[in-house]
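Here is the structure we will look at.
The values are calculated or read from the model by the stated rules, or taken from the named source; none is laboratory data. None of these values were measured; they are calculated from a predicted model. Here Cβ is always computed from backbone atoms with ideal geometry, including for glycine, and neighbour counts include all displayed protein chains. Surface areas here come from the heavy atoms of the whole protein model, side chains and all, with no ligands, DNA or RNA. Shrake-Rupley method; radii C 1.70, N 1.55, O 1.52, S 1.80 Å.
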Amino acid sequence: MHVVVCGKVIPDSSVTLEIDPDAKRMRRTDVPHELDPAAASALEEALRLTEQHGGSVTFVTMGIPDASVGIRRALAMGASAAVHLLDDAFAGSDTLGTAKALAAAIRQQPRFDLVVCATESSDSYSGIVPVQVATLLGVPALTFAKQVFVDGETVTIHRQSEEGYAVVTAALPALVTTTSGINEPRYPQLKGIMAARKIEIQQRSAADLSLGPDDVGDSAARERVLSVGAPPSRGAGRLIHDEGDGGREIADFLAQAGVI
Amino acid sequence: MPATQISYGFIPGQLVLLVAIAVGAGLFLRDALSLYRLMRVGGPAHRTDRPLERTRGWILNVLGQGRLLTRPYPGIMHALIFWGFVVITFSTVEQLGRGLWADFRLPVIGGSAPFLFAVDAFQLFVLVGVAMAFYRRIRVRPWYLNLTGDAILILSLISTLMVTAFLTEGFGIAAFPESGSQWQVFGTALANALAPLGFDVNRAGHVVSWWAHILTVLGFLAYLPHSKHLHIVTAPFNAWLRNLAPKGQLPYINVEEALEQEKPVGVSEIPHLSWKDILDTYTCTECGRCTSECPASITDKPLSPKDLILDLRRHVLAHGPALRFGQANGDADGAAGSGERAQRMVGDVITDDVLWDCTTCRACVDACPVFIDHVSKIVQMRRHLVMEESRIGKDLQTLFENLDATGNPWRLPRARRADWASAVGVPTLEEAPGADVLYWVGCFGAYDDRAKKVAGAFARLLQRAGVRFAILGPAETCTGDPARRAGNEYLYQTLAQQNVETLNAAKEAGIKTIVTACPHCFNTISDEYPQLGGSFRVMHHTQLLDALVREGRLRPEAAREEAIAYHDPCYLGRYHSTYDEPRHVLASVPGVELREIHPCREKAMCCGAGGAHAFMEEKRGRRINHVRLEQAMAVGPQRIATACPYCMMMFEDATSTKGVAEQLPVQDVAELLEASVR
């Protein structure tokens, strides 16, 4: 079974994000990057499936040169190959442009049985790309998986919902998106870290994927970011010092809010 | 007339004795040789450097019984038996010799008054020691000592040896008065009591006692390799071959090279142990001193350092011989087939929980009278768990990932490492190129709100004393201590190599001394960085503050009429023997009354945070920091002082959980000094 995992490499969570007001984007230069923890979960799930059923995992990402840090991490965890979509022509792609590039890269694989993505990335949270990729590849998309099972010709997931979960099955090849709590991604073994250094990351340009300015990049983007700003800061909370009537004050507050 | 001068039917006594010696000594040599060969299954360890220092320590601790005597009752008990045997062994040789040649005498000392007197006296001392040991094992029964059949058998054998020696002497002198000497005080007294039995009975008594004595000696010899008493053979070697590397230095391994050559980077099988590790396991006397001082054992966790060594010994004895066989046949995998069915050394014999319980506080290593090194074995087995198996908890994984991403344990931005310093006006090395002291702040001092206050107090004291110092700011990164002690040697080396480069550059820029308020950073820079090409003069802040107070550059004046209990951090005290400097600084504050926590100094109990435990959840047993706080509270202090951010965190956590945070504040030595300096 060959599994492709699509994921992002994002600014490290230690970084205080800054917005570039002209580009209406996060500043990405001189910022440490990490493999998106959500993508690490998707990869972990793929690795567990191939460990059970045999096969290999290829990690595919689109991103700036600094993304190599996260790609090495994916290889260290156990992916056996990695494709880095790296081209200035990709800059400014919207979700559909991104999905076209990823789908093209997946189609170039000798074969694939399953694509696994995180439900959404941990930096921009659009949650659209995976289903777009599935549509472009013409395979079923099984989303919000909190458990994934593969059985020869089919994939079955437990699809998380507010009430509980639904059991959904589809024929392979298919695409699955994983929820963030699906697993604890592994800490790479040293052997893995060392072996990852020796694997060549396959870089692909837009031309390699036969994509032009009408498909990817700023020119093709149909989504426009109109403005970007920091969320309004919440006002300071009210601190109640208990001098005997603390309980009453809290009860009054909750009554006022209509909670009790 | 020795018993072998008598013939048994047509068999001469000498022949019987020769056969007995051949059997006893032969069995001993066979088994000792097999243990020696088994030891050679272990990997290399270089332990013959600095012979003078080795011999000095050997004289002090083997002949002088130094470490044993740190505990009076068992110390005196053991010293009586040990010194007794040193003397009596000469007499035993003479007894054996007389069995072969009736007029055999040891050269020089044989038959001399002091020798005869000493043997008699020490035989009695040994009996006193054995009685003390019986009483301790059977009646006192310390919790860390197991009442084993082996122990009782050994004590019984020793008693038998002494009693039969006295009887041989007593009957002998009674039967042949001319053979005795007045210097055999107890033998002569015994002979006088036995004399009325008449010549025949006394002669027969002498023969029987002599044979009983000699056969017990030879039987004991044959039994030695199967007993904890083997330590009488191995301990003198183990003490001389002890580890003389700096206490805070773990074994170095070139991780990348090992991986390329497909060699293990951690210990998970017997051949990964060094020969010295295996000798350690042979040498354990099961005295339990290590366990009695281990913070994990004290708080009811699975780790007992004694059991760790004994479990390793059992494993080595059970599965080592097959490996040796495989090796001799030039087939290293010879035992792999049976090895698969056998228990895994790391995971089954030594469980993961046991390995993770260790705080690397070194109390066990310092307590061991025969110089067994528990901590390095534990860390090397952790290396296997971390680097080869990735068998680690979520908290450690987060720690490693944070250290890897940002060089600090909490994934806080590198750029904000010097934020605390701008408020205090502390320059970075770039801003103050003329500095000669580098203040290594460490992650706690740089990011942790509580430790930042200590960093501020220390920096202001340096400013007041006119020390030209600077910090590295964002160029500083975690020393790697928690990574190394948790077994992530690879991550440690990545962090450490970067720091060694930074610090070497600082040295070239004129830095003469590095000072840090964190004993863990202190230990890593001073003891571990030399392995990576960085040798620096490092001081702990309490050492520098003590010097500044003594030189009069800091004058504590404001009085503090308080009883203060000082807690010794492990990596400052046991690892670097720095006990007095922090106490001097505290005592320099007028009005301060120092209270000593029991145990303190060399025996101080760990706060529970060492060995990466500052970043791990304590899931098993009682909380170590609570037990230590109770020890501190027992001496009724109004304040607790310490000199380590880890200890600070653990104590404050304990005082707030116990609801005594307001009555019993915890402060760093530097903070207390600053409050007094005008």
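Quickly work out the A:Asp151-to-B:Leu52 label distance, labels modelled 7 Å from Cα along the C-beta direction, and quote it in nm with one decimal.
7.9 nm
Cα-Cα pairs above 24 Å in region B:255-391: how many percent?
Beyond 24 Å sits 31 percent of the P(r) for region B:255-391.
Have a look at B:Phe85, B:Trp58, B:Ala165 and report the one farthest towards the positive end of the charge dipole of chain B, computed about the Cα centre with Cβ charges (Lys/Arg +1, Asp/Glu -1).
Going by the charge dipole, the pick is B:Ala165.
Using +1 at the C-beta of Lys and Arg and -1 at the C-beta of Asp and Glu, which of A:Asn183, B:Trp210, A:Ala170 has the Cα lying farthest in the positive direction of the dipole of the protein assembly as shown?
B:Trp210
In µm²/s, what is D for chain A at 10 °C and 1.306 mPa s, where D = kT/(6 pi eta Rh) by Stokes-Einstein and Rh is the Kirkwood radius from Cα pairs?
Diffusion coefficient, whole number: 79 µm²/s.
Just which residues of region B:384-405 lose 50 Å² or more accessible area with every protein chain there, against their chain alone, with the probe set to 1.4 Å?
Residues meeting the cut-off: B:Ser390, B:Gln397.
Dipole of chain B, Cα-centred, from +1 at each Lys and Arg C-beta and -1 at each Asp and Glu C-beta, to the nearest 20 debye?
Taking the Cα centre of chain B as origin, the dipole is about 940 debye.
Report, as an integer, the average count of C-beta atoms from other chains found within 10 Å of each Cβ along B:624-637.
Average neighbour count from other chains, rounded to a whole number: 0.
Pop the C-beta distance of B:Ala204 and B:Ala45 into the FRET formula with R0 = 35 Å and round what comes out to the nearest 0.05.
Efficiency, rounded to the nearest 0.05: 0.05.
Round to a whole number: what % of the accessible area of chain B belongs to carbon and sulfur, probe 1.4 Å?
C and S fraction of accessible area: 58 percent.
Lysines near B:Lys306 by alpha-carbon distance under 24 Å, same-chain residues fewer than 8 away left out - which ones?
Once the sequence-local lysines are set aside, what remains near B:Lys306 is B:Lys228, B:Lys247, B:Lys276, B:Lys377, B:Lys603, B:Lys619.
Which whole-angstrom value gives the distance between the alpha carbon centres of region A:93-131 and region A:1-62?
Using only Cα atoms to place each centre, the spacing works out to 11 Å.
Please list, in order, the residues from region B:484-505 whose amide nitrogen is less than 17 Å from a point placed 7 Å along the Cα→Cβ vector of B:Glu256.
B:489-502
Quick one: net charge of B:His213's neighbours, Cβ under 13 Å, K/R +1, D/E -1?
Result for the local shell: -1.
Per the Cauchy relation, a quarter of the hull surface: what is the mean projected area of the convex hull of the alpha carbons in region A:146-260, in nm²?
Mean projected area for region A:146-260: 17.2 nm², to one decimal.
Identify all lysines with a Cα-Cα distance to A:Lys146 below 24 Å; exclude those on the same chain that are fewer than 8 residues away in sequence.
Hits, sequence-local ones excluded: A:Lys8, B:Lys394.
Relative to the compact-globule scaling 2.2 N^0.38 Å, provide the ratio for the alpha-carbon radius of gyration of region B:554-676.
In units of the globular-protein estimate, region B:554-676 measures up at 1.02.
If you check each cysteine of chain B for another cysteine whose beta-carbon is under 4.7 Å away, which ones come up empty?
Flagged as lacking a Cys partner: B:Cys284, B:Cys287, B:Cys294, B:Cys358, B:Cys368, B:Cys443, B:Cys478, B:Cys600.
Whats the longest run of chain A with zero GluC sites (Glu not before Pro) that are DSSP loop and have at most 14 other Cβ atoms within 10 Å?
A:19-152
What is the magnitude of the charge dipole of the protein assembly as shown about its Cα centre, with +1 placed on the Cβ of each Lys and Arg, -1 on the Cβ of each Asp and Glu, and no other charges, expressed in debye to the nearest 20?
Dipole magnitude for the protein assembly as shown comes out near 2520 debye.
Rounded to the nearest 5, what % of the DSSP beta bridges within region A:2-220 are antiparallel ones?
Taking every DSSP beta bridge within region A:2-220, about 40 percent pair in antiparallel fashion.
What are the lysines whose alpha-carbon lies under 24 Å from the alpha-carbon of B:Lys453, with same-chain residues fewer than 8 places away excluded?
B:Lys658
Any chance you could check region A:1-24 for residues losing 50 Å² or more of accessible area when the partner protein chains are in, compared with the chain on its own (1.4 Å probe)?
A:Ser14
Rg(Cα) of chain B divided by 2.2 N^0.38 Å?
1.15
Using only protein heavy atoms and a 1.4 Å probe, how much accessible area in total is buried between A and B, to the nearest 100 Å²?
Buried: approximately 1500 Å² between B and A.
Over what distance in Å are the Cα centres of region B:23-66 and region B:414-479 separated?
The two parts, judged by their Cα centres, are 49 Å apart.
Kirkwood hydrodynamic radius for region B:134-216: how many Å is it when counted over pairs of different Cα atoms?
Value: 14.2 Å, from the Cα pair sum.
Using the Cα centre as the reference, give the magnitude of the dipole from point charges on the C-beta atoms of region B:255-391 (Lys, Arg: +1; Asp, Glu: -1; all else neutral), rounded to the nearest 20 debye.
For this selection, approximately 400 debye.
Quick one: what do you get for region B:405-546 if you divide its Cα Rg by 2.2 N^0.38 Å?
Relative to the 2.2 N^0.38 Å estimate, region B:405-546 comes out at 0.96.
Find how much the distance from B:Ile59 to B:Phe90 grows on full extension, using 0.36 nm per residue of separation minus their present alpha carbon separation; answer in nm with one decimal.
Contour length minus Cα-Cα distance gives 9.2 nm.
Across bins of 5 angstrom width beginning at 0, how are the C-alpha pair distances of region A:43-147 distributed, in whole percent?
Calculated P(r), rounded to whole percents: 2, 11, 21, 25, 25, 12, 3, 1.
Based on the alpha carbon coordinates of the protein assembly as shown, what radius of gyration and maximum Cα-Cα distance (Dmax) apply, in Å?
35.7, 124
Between region B:135-156 and region B:280-297, what is the C-alpha centre distance in whole Å?
15 Å
Could you work out how far apart the two model spin labels at B:Ala432 and B:Thr70 are, taking each label as a point 7 Å from the Cα in the direction of the beta carbon, and quote it in nm?
Simple spin-label model gives 3.9 nm for this pair.
How much mean residue ellipticity at 222 nm does chain B get from its helices, if each DSSP H run of length 4 or more adds -39500 (n - 2.57) and you divide by all residues, to the nearest 500 deg cm²/dmol?
Here the helix-only value at 222 nm equals -16000 deg cm²/dmol.
Counting only heavy atoms of protein chains, what accessible area per residue, in Å², does the protein assembly as shown have with a probe of 1.4 Å?
Computed with neighbouring chains in place, this is 44 Å² per residue.
PRE reach from A:Ser80 (point 7 Å along Cα→Cβ): which of region A:41-65 fall under 18 Å by backbone N?
A:43-60
In whole percent, how big is the carbon plus sulfur part of the accessible area of region A:2-220, probe 1.4 Å, protein atoms only?
50 percent
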